[in-house]
1. Put +1 on the Cβ of every Lys and Arg and -1 on every Asp and Glu Cβ in the chain; which of SER391, GLN435, ALA401 then has its Cα farthest towards the positive end of the dipole?
2. Label region 484-537 by shape, choosing from rounded, prolate and oblate, from the square roots a ≥ b ≥ c of the eigenvalues of the Cα gyration tensor; if a/c is under 1.5 it is rounded, and otherwise prolate applies when a/b is larger than b/c, oblate when it is not.
3. Label point 7 Å out from GLU39 along Cα-to-Cβ: which residues of region 201-227 have amide N under 17 Å?
4. Please report the projected area of region 415-569's Cα convex hull averaged over all directions, in nm².
5. Rg over Rh of the chain, using C-alpha atoms and the Kirkwood radius, what does it come to?
6. Using +1 on the beta carbon of Lys and Arg, -1 on that of Asp and Glu, and nothing else charged, what's the dipole of the chain about the Cα centre, debye to 20?
7. I'd like to compare 411-421, 493-503: which one has the highest average count of other Cβ atoms within 10 Å, and what's the full order after that?
8. Would you kindly calculate the mean projected area, averaged across all directions, of the convex hull enclosing the Cα atoms of region 46-152, in square nanometres?
Amino acid sequence: MSYLRTNKVQLAAIFVLAGLLAVLAIVQYRWLGQISEWERERMERSIEFATRVMLAEFDGELAELYRTLQIDFREEGSPAEQLAARYAERVNTLEGPDPLERIYLVTINEDPGLVIEEFTGTALMPLDEWPPVLAHLEKQFAGTLKRNNDQFEYLVGPPPLQDDIPALVIQQVQNRPRNTLSSGPRSISWIIVKLDRDVLLGEFIPALADRYIYGEGQVSYNVGVLDEEGPQALLWASDPTLTAASFVEPDDRRGIYSLRRWDFNLRNLYQRRMWSVVEENTESRWSLVTKHQAGSLEAAVTRARNRSLGLSLGVLLLLAGSILMIVVSTRRAQNLAEQQMEFVAGVSHELRTPLSVIRAAAENLADNVVHDPDRTRQYGQLIDREGRRLSDMVERVLLFAKIRSGQDHFERMPVDLAGVIDEAIAANSSLISDQQVTVERDVAEPLPVVNGDAQALTSALQNLLSNAIKYSHRGGVVRLRARGAMGSGGPVVQVTIRDEGAGIPAAELPHVFEPFFRGERARKAQIQGSGLGLSLVKQVIEAHDGSVSLESSANRGSSFTVEIPVAKG
Ligand code: ADP
């Protein structure tokens, strides 16, 4: 009853623990999902911020160039002087790599038309021919001139951003457009700032990436500049082994190399007619792309999430395993305790019967109740038999305890099993005569010698024989057959003890070798025994590398076969 209750409590505790573990697993799974979602958003935001800042710096530099080199030619000084002053100021305040390569002044006069001069740093030097890199621009200017010859004041130059050269075209501030009646021949000019592609891509952008992307701790990103339409798609990448394909489906993509309206103040925009020139979206074909080195930001987050999931799952599994182990070992301890209880109960019960017989006989003798010498001899035999049974039982229990505690050091000596069989029969002689059973001994002598502990083997065979006699019908036959034979692992000596008794019901067959197991019939008919015999037989035989097998059917008798390997050499 108390075991049952403990079992129930234990079962309930296991269920509660398992439930808690499951809940914990679900909560952890959800929580990790939530955390990685936040992490993804945080990473997205921070890389977006880093690229935005980098972009603002890059485009700001262009705007700065534009503002610096946009000159109001109505002010004092020749264009060359004004340019020289602005240029000197820029050179003085410059920090870091300078993408500016050359400066040209393009002027469209009413007459003689299109003129190009190169700025040397201090002076303007007229050029006879346009530099080849500017050929495309020259065509655009010529086109402008042709189209607008009659409406000079509305001349509009090429777009300010020329990313294929790359260059900036800066419209200069001239006469007010309506003020055409004022002085002299009219002219309108532009400054072309030719940028150094190598410095721009090889120094300027890397410096910005270092400062704003890697400096911001976004070290696990690849950064690149792509020309979205050009033949050579990847203009620059943070790692030279990368190709345009490395930036397919980037985590962040933004147009770079543009003029942003917010980089000019309103005065600039109105006074200098820039409103129409600087469009908010005058973006080039270049774009700044970032992609996480894990393949994508999503992949990086998923990978981190899977790692955490694996880790916490491992911890939970460990926990579950520990719980399982605790349960198993508690179970074992419980079973052991139960067995011990049964053992004590069983042994005490078995000791009680012979003890009470001995005591009764001894009392009778002591009280001088018995006078007949024949009766006295009978009493003596009774005491002897019961005493023998007692010592048998004590031997059995001791052997069992020894085997159980792992101290079963059986001797290994050459043993002739024929002798062992004879001793086992002799030890059972009183049982044989009590039961009026005939034991047929069929031993193929000489038997091969086996290695083992003669005493332990005798007790094993004696147990099997006494079972066969005990569970036989009165006057029955027990056949004991021993042969040398071929076992599965080599030559063996095979001993079979067959009876024609009540047999073992099929339901009991799997249990007969368990310690303390007693068949229902044995218990009901009060056949003497402790339930230890077969368990001892099995352990002794297995300790000799042998095996015990059993064939039995109810009402037709049983047959136990022992096989012990023949001694080698
Ligand atoms: P016990 O002390 O009860 O004989 P054993 O371990 O020797 O204990 O046997 C366990 C049970 O196996 C017995 O109680 C009995 O039910 C059954 N058994 C063993 N040998 C035989 C046999 N030869 N014939 C029928 N039943 C047997």
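We did not get these values from a lab; they are worked out from the coordinates using the rules stated. Small disclaimer: the values here were computed from a predicted structure and weren't measured. In this analysis, Cβ positions are derived from the backbone assuming ideal geometry, glycine residues included, and neighbour counts consider all displayed protein chains.
1. It is GLN435.
2. Prolate.
3. Answer for region 201-227: 218-221.
4. Spelled out: convex hull of the Cα atoms, projected over all directions, averaged, 8.5 nm².
5. 1.55
6. With Lys and Arg at +1 and Asp and Glu at -1, about 3180 debye.
7. 493-503, 411-421
8. 9.5
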